[in-house]
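Computed from the coordinates by the stated procedures, all read-outs in this text should not be read as laboratory data. Predicted model, so just to flag it, every value in this text is computed and none were measured. FYI the Cβ positions are ideal-geometry reconstructions off the backbone, even for glycines, and counts take in every protein chain you see.
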């Protein structure tokens, strides 16, 4: 398993290496494709991203993550809810997948967004956490640093 190429990681690094004017439209197109996928395909994409993310140098990952958040903030509330809920469902089933991420660095990327983008993202995340059952909510909150909980209002 470990000897298999990290295709998702390689794609993420390649995409992150592009200048923003190329990275943003390519990522947006891929995000829009995500919403038309079957549930099992969505889960596979999320699992690949969660597996690849920690293996990517953070300077590359952070560029792509910021672009991803910027794009998500322009999508509909329903699309954001689908995306975040898919991630949250996987993280609450397998919390160890998020532990390897640089969560403090991810929070810094979020904090670098403009206020409108941060408000949009935090509103969606808060809506989801408000409707999670107690077990899922507890599992999720155990994985999130306190500083991020404060920033997101959860």
Legend entry - Helical mean residue ellipticity (222 nm; -39500 (n - 2.57) per DSSP H run of 4+; nearest 500) of the chain: -24000 deg cm²/dmol
Legend entry - Pairwise FRET efficiency - residue 18 versus residue 130, Cβ, R0 = 41 Å, nearest 0.05: 0.70
Legend entry - Likely footprinting exposure, 40, 122, fewest C-beta neighbours within 10 Å first: 40, 122
Legend entry - Inter-site label distance for residue 26 and residue 74 at 7 Å from Cα along Cβ, in nm: 1.7
Legend entry - Listed candidates [x] 115; [y] 167; [z] 216 - label of the one calculated as volume of the Cα convex hull per residue in Å³: [x]
Legend entry - Estimated distance in nm for a label pair at residue 147 and residue 47, the labels positioned 7 Å out from Cα along Cα-to-Cβ: 3.3
Legend entry - Label-point separation, residue 58 to residue 93 (7 Å along Cα→Cβ), nm: 2.9
Legend entry - Distance from the range 67-98 to the range 133-154 (C-alpha centre basis), Å: 14
Legend entry - Efficiency of FRET from Cβ geometry, residue 103 and residue 33, R₀ 35 Å, rounded to 0.05: 0.80
Inset, instruction - Could you list 35, 84, 21, 61 in order of exposure, starting from the residue whose Cβ has the fewest other Cβ atoms within 10 Å? - result: 21, 35, 84, 61
Inset, instruction - Treat the count of other C-beta atoms within 10 Å as a stand-in for reagent exposure and order 85, 32 from fewest to most. - result: 32, 85
